[in-house]
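Taking it in order: structure first as structure tokens, then the write-up.
The values are calculated or read from the model by the stated rules, or taken from the named source; none is laboratory data. Keep in mind that this is a model prediction, so the values were computed, not measured. So basically every Cβ, Gly included, is an ideal-geometry build from the backbone, and we count neighbours across all protein chains shown. Side chains are part of the model used for accessible areas, which takes the heavy atoms of the whole protein and leaves out ligands, DNA and RNA. Shrake-Rupley method; radii C 1.70, N 1.55, O 1.52, S 1.80 Å.
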Amino acid sequence: MNSQKSHTNFELIKKSSQTAARLGKLYTPHAVIETPVFMPVGTQATIKAMNQDELRDMGFKIILGNTYHLYLRPGHELISRIGGLHNFMNWNDAILTDSGGFQVFSLSDLRHINTAGVMFKSYIDGSSHEFNPERVIEIQEAIGADIIMAFDECTPYPSTWEYTREAAVRTHQWAERCKAAHSRPDQYLFGIVQGGLYKDLREWSAEFINALDFPGNAIGGVSVGEPKEEMHNVVEWTAHLLDENKPRYLMGVGTPLDIINFVMQGIDMFDCVLPTRLGRNGSMYTTYGRINIKNARFADDFTPLDPECDCYTCRNHTRAYIRHLYKSGEILAARLATYHNLYFYKRVIEGIRKAIAEDRLVEFRNEFMAKYGKDD
RNA sequence: GGGGGGAUUCCCGAGUGGCCAAAGGGAGCAGACUGUAAAUCUGUUGCGGAACGCUUCGGUAGUUCGAAUCUACCUCCCCCCA
């Protein structure tokens with residue numbers, strides 16, 4: 001057991017008797033992370049609208065950065081020169097960098113894929129760049145995150161079985177090449193399962209990636225616009241095939257209820273832009289469901305965003321004030337809302353961990369849904 | 001006192017005989033957002049139940065088959081010269 005723990009740097013603390021949920025500890029060079037965990041997305045070396053102290057004070061121990069964005073600007077060499085991303089952005093806890101695989105999907109009109117890699121046009125200045133497994137590992141090693149991701153191809157929804165299979169073959173080859181190219185022992189390289197919405201491809205991909213024996217395994221290719229049930233199926237097909245002694249990371253997910261549901265399927269790590277993006281766009285999470293603070297009905301609502309929240313925003317400001325800030329285009333609106341939304345996620349994930357510890361996750365989910373209502 | 005330019009739907013502003021309930025922007029109202037090309041994007045915004053009909057482009061009276069667009073007068077605003 002001990003040798004396995006040191007190999008994966010993941011310690012399984014407790015398994016739920018009700019569901020596939022687990023409690024764990026992920027040891028990284030910069031932080032010990034209690035799982036299940038939600039990781040805020042900081043694509044460009046910043047969680048938009050937040051400063052590092054605020055994130056740390058909320059209790060986030062790991063955040064995301066993005067290889068593609070940081071490579072284009074300011075450049076991984078520059079980041080490397082000041083000692084890596086931790087130093088550059090003055091973040092002393094853990095960082096995970098996404099490999100750019102999602103940009104293969106999201107910037108689809110700006111790229112060309114072949115087996116060797118992906119040719120990209122910069123969304124900033126149109127210049128051409130090539131990403132391939134070796135290059136992506138080199139960049140991620142220069143950036144220096146605690147956890148780095150294999151370069152994968154995130155296929156769009158919908159895709160044919162044939163194309164999804166081709167993309168998965170590439171993703172598998174790239175995973176092997178990433179593993180071979182990876183040289184920094186103080187970084188953990190996670191593999192990524194693809195396979196779209198096809199059960200046979202997902203199972204095949206999960207078994208293939210699992211067999212490569214990465215210190216952690218991710219499920220990619222979801223949250224690309226597919227129906228919720230499809231996402232649920234993908235996790236159901238794959239999660240149990242991934243080594244239970246290693247962390248399982250569901251990439252890009254999700255809503256608060258998604259997180260609860262997928263924890264119950266054995267997922268340990270999540271990241272999602274929703275709390276930050278929705279915050280900037282005027283949508284706020286509350287115990288009783290999401291609200292659009294810009295709606296007229298909040299104009300003279302002098303209560304906090306969420307009556308059951310004790311975050312900085314809710315302790316100090318009213319819905320009416322925050323609505324006013326939005327309508328006025330004031331930057332503080334985005335800050336207060338982002339803080340609140342991230343804090344909401346923090347409360348949910350802490351609630352999940354506590355519920356697993358007490359072995360009452362199912363009850364926790366029911367209580368959450370009774371108040372929160374439909375999932376959005 | 002003389003000469004010139006204007007008044008358009010909540011605001012700014014286009015439109016100079018029919019294709020105009022009237023471009024575009026703003027504001028308003030609502031919706032979307034899941035490994036962030038996102039402080040973004042979409043819809044909607046005279047009235048009536050929609051096909052369609054009705055009322056509207058400073059005011060009044062005209063010309064015309066037809067006017068926001070042409071004419072006359074009126075009201076108000078701006079600029080220039082005394």
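Considering the stretch A:349-363 alone, what residues qualify as being farther than 15 Å from A:K14 by Cα and surrounded by 20 or more Cβ atoms within 10 Å (Cβ to Cβ)?
A:I349
Do the conditions hold for A:F368, that is, is it more than 25 Å from A:V32 (Cβ to Cβ), touching a Lys or Arg at 6+ places or on another chain (Cβ under 8 Å) and among the hydrophobic types (A, V, I, L, M, F, W, C)?
Spelling it out, it is not the case that A:F368 is more than 25 Å from A:V32 (Cβ to Cβ), touching a Lys or Arg at 6+ places or on another chain (Cβ under 8 Å) and among the hydrophobic types (A, V, I, L, M, F, W, C).
In the stretch A:14-39, which residues are among the hydrophobic types (A, V, I, L, M, F, W, C), farther than 18 Å from A:M58 by Cβ and touching a Leu at 6+ places or on another chain (Cβ under 9 Å)?
A:A21, A:L23
Among the residues of the stretch A:255-273, write down those that are within 8 Å of RNA strand B (Cβ to nearest atom) and touching an Asp or Glu at 6+ places or on another chain (Cβ under 9 Å).
Passing the criteria: A:T255, A:D258, A:D271, A:C272.
Quick one: would you say A:K327 is over 22 Å from the mean Cα position of the chain (by Cα) and either closer than 28 Å to A:I148 by Cβ or near RNA strand B (Cβ under 9 Å from one of its atoms) (or both)?
When the stated conditions are applied, A:K327 passes them.
Can you pull out the residues in the stretch A:42-56 that are open to solvent by 20 Å² or more (accessible area, probe 1.4 Å) and either within 28 Å of A:E11 (Cβ to Cβ) or within 15 Å of RNA strand B (Cβ to nearest atom) (or both)?
Matches in the stretch A:42-56: A:T43, A:Q44, A:T46, A:K48, A:A49, A:N51, A:Q52, A:E54, A:R56.
Could you tell me whether A:T160 is out of contact with any Asp or Glu (no Cβ under 9 Å at 6 or more places or on another chain) and β-branched (V, I, T)?
yes
Please go through the stretch A:288-323 and pick out each residue that is away from RNA strand B (no atom under 16 Å from the Cβ) and open to solvent by less than 20 Å² (accessible area, probe 1.4 Å).
Listed by number, the residues that qualify are A:D306, A:C309, A:C311, A:T313, A:C314.
For a quick check of your reading: which strands (runs of 3 or more DSSP E) sit entirely within the stretch A:128-244 and have at least 2 residues that are surrounded by 23 or more Cβ atoms within 10 Å (Cβ to Cβ)?
Correct list: A:147-149, A:188-193, A:217-219.
Residues in the stretch A:106-123: is at least one part of a strand (DSSP E or B) and loosely packed, with under 15 Cβ neighbours inside 10 Å?
Yes, some residue in the stretch A:106-123 is part of a strand (DSSP E or B) and loosely packed, with under 15 Cβ neighbours inside 10 Å.
Within the stretch A:245-254, take every residue that is at pLDDT 95 or above and either within 7 Å of RNA strand B (Cβ to nearest atom) or open to solvent by less than 10 Å² (accessible area, probe 1.4 Å) (or both) and give me the one that is nearest to A:G373 (Cα to Cα).
Residue satisfying both the conditions and the ranking: A:V253.
Has the stretch A:115-128 got at least one residue that is away from RNA strand B (no atom under 15 Å from the Cβ), over 18 Å from the mean Cα position of the chain (by Cα) and among the hydroxyl-bearing types (S, T, Y)?
Yes.
Are there any pairs with C-beta distances below 9 angstrom linking a residue in the stretch A:218-246 that is more than 17 Å from A:A21 (Cα to Cα) to a residue that is open to solvent by 20 Å² or more (accessible area, probe 1.4 Å) and polar (S, T, N, Q), with the two at least 6 apart or on different chains, and if so which?
Between residues of the stretch A:218-246 that are more than 17 Å from A:A21 (Cα to Cα) and residues that are open to solvent by 20 Å² or more (accessible area, probe 1.4 Å) and polar (S, T, N, Q), the close pairs are A:V224/A:S106; A:M231/A:S223.
Looking at the stretch A:57-73, can you tell me whether even one residue there is surrounded by 19 or more Cβ atoms within 10 Å (Cβ to Cβ), over 16 Å from the mean Cα position of the chain (by Cα) and closer than 22 Å to A:D186 by Cα?
yes
What do you reckon, is A:M284 buried (at least 23 other Cβ atoms within 10 Å of the Cβ) and more than 30 Å from A:E203 (Cβ to Cβ)?
Against the criterion (buried (at least 23 other Cβ atoms within 10 Å of the Cβ) and more than 30 Å from A:E203 (Cβ to Cβ)), A:M284 qualifies.
Select from the stretch A:314-340 the residues that are over 12 Å from A:A49 (Cα atoms) and in contact with a strand residue (DSSP E or B) (Cβ under 9 Å, 6 or more places away or on another chain) and list them in ascending order.
A:R319, A:I322
For the stretch A:76-103, enumerate the residues that are open to solvent by less than 10 Å² (accessible area, probe 1.4 Å), away from RNA strand B (no atom under 14 Å from the Cβ) and assigned to a loop (DSSP other than H, G, I, E, B).
A:G84, A:W91
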